[in-house]
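In what follows, a single structure is set out as structure tokens and then discussed.
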Amino acid sequence: MSERRPGLRRRSVVLLAVIAAVALTASMVLARTHVIRPDATPAPASDRPPLVLQGELTRRVPWADVGTTGTYDGREDPDNRHEELRALYRGEPLYQLVGLVDDDDPGTFNVAEAERGYGIELVATDGYTWMVDSRTIVGRDDWVIAKLKDGQPLPEWEGPYRFVGPDFIGFRAGQSVRTLERVRLLPGRVEGQTPQ
């Protein structure tokens, strides 16, 4: 009788180890799909907030009216070290959106004023901000306020808008501000991030 107990204990320990391994694997899969990306489903278009632009004028641009002519392809950017940015982002170039509020003519981007220099503050829903120098955005179609990722609306954890683009000092390739809600122009010369 005493010989059977060690065998039974050994089998019980092995069985518990197998159950623990399966439970650990399942929890890692759940963590990867639900903690890192809590909601990968895009919100319906009617629920997406407008992008607020503040400068000489203030505009609330509905999600549907934000263009898709600008692109940043994080899959093709050799310096992109950020897995979540390995995608094709489409949206409107930052300079075009700034042109809607940089002076009293919302139909044009004021290049002369931008070259004199002012700050462009990008504000996320959680209060995170990133400053860009206006002198660096002229003609940059790859510095984009994106609303699409691989052809689909940005998921809730990332959008409704995300600033993306290459060539930033201090954060090479794939610079971004996710959950962007506001672009604010700050008068005077404010130093921001510049391309290399």
Handout entry: Largest-first principal axis extents, alpha carbons of the stretch 55-108, Å
Key = 40, 22, 15
Handout entry: Estimated translational D of the stretch 75-140 in µm²/s (Stokes, Kirkwood radius over Cα pairs; 10 °C; 1.306 mPa s)
Key = 116
Practice task
Round to a whole angstrom and tell me the spacing of the C-alpha centers of the stretch 93-171 and the stretch 49-72.
Solution key: 9
Fill in the blank from the handout: Stretched fully, the stretch from residue 86 through residue 59 gains (0.36 nm per residue minus C-alpha distance, one decimal, in nm) 6.6 nm
Exercise for the section: Order the peptides 158-165, 88-95, 146-153 from the highest to the lowest mean number of other Cβ atoms within 10 Å of their residues. Expected result: 158-165, 88-95, 146-153
Fill in the blank from the handout: In nm, the gap between the two label points placed 7 Å beyond Cα toward Cβ at residue 108 and residue 131 is 2.9
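Any read-out appearing in this document is the output of simple, stated calculations on the displayed coordinates, not a laboratory observation. Predicted, not measured: the structure shown is a model, and the values here were computed from it. Cβ: placed from backbone, ideal geometry, glycine included. Neighbour counts: every protein chain shown.
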